[in-house]
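Working notes, structure below.
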Amino acid sequence: RTGVGPSPTADPESAPSSPYAVPPAAADGRGTGADPLTAYEIDRARQAALAGDRPLRMTSEDVRGRDGTPQFLTADLGEGVDEGARSADVFFYDYRDERVVKKTVDLGTGEVVRTASATGVQPAPSAQESREALRLLLASPLGDGLEQDFEAATGQPVGDGDRLAVQGLVYERRGATGPADCDGTHRCVRLFTRVEGGPWIDTRRFVVDLSARTAHRLP
């Protein structure tokens, strides 16, 4: 799986004039068979997924609360819509409605062939969501210990956390332990952090509710 930027081999003159215009298929930007999606295909699929869904791109919210911007999670190779065709399953999270949206895009035509959504389902967080969770933790009083541990390890203040590598995992409470809304209703994550090129810093007892933008300590 690659990043979400345009392929360096894609023709710059084919870039869409609108943020939601679907770029034409480029022979040098397409994968074949069961190859992982190329960067160009991911970019094309993301734009196609939003191009024909005005409500999703106008009324949704991303992890930072920006209107009209559903949070992109990931894109995976989908089942071919026709023999030999390639498709992409594109996943978004709409923080306004607390739902996951899946769009299947025919990469040959740029058309959305299937749409599904569900609530109470929490896929793995994206890198952007994990980074935002770290920012929220550092901004809360619970982040004081993380700041102290970072300074002890590096001799420097943590600042906005750019020198911390972070990975997020979905958190769902079991029984009565943990924040009440982290039962699949809200998007909650636990963080695993380490100093870039240095030691791990234990943040496993903290849960960040990205939907409510709050940080919590587990008992």
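Values quoted throughout were computed directly from the atomic coordinates according to the rules given, and no laboratory measurement underlies them. Keep in mind it's a predicted model, so treat the numbers as computed, not measured. A quick note on method: Cβ atoms are made from the backbone with ideal geometry, for glycine too, and the neighbour counts reach across all protein chains shown.
Counting only DSSP beta bridges with both residues in region 127-217, the antiparallel share comes to about 100 percent. For region 127-217, the square roots a ≥ b ≥ c of the C-alpha gyration tensor eigenvalues yield an a/c of 1.5 or more together with a/b exceeding b/c, which makes the shape prolate. Between Gln156 and Arg194, the modelled label-to-label distance comes to 1.9 nm, taking each label 7 Å out from Cα in the direction of the beta carbon. For the listed peptides 51-59, 160-168, 104-112, 85-93, a ranking on the average number of other beta carbons within 10 Å per residue, highest first, reads 85-93, 104-112, 160-168, 51-59.
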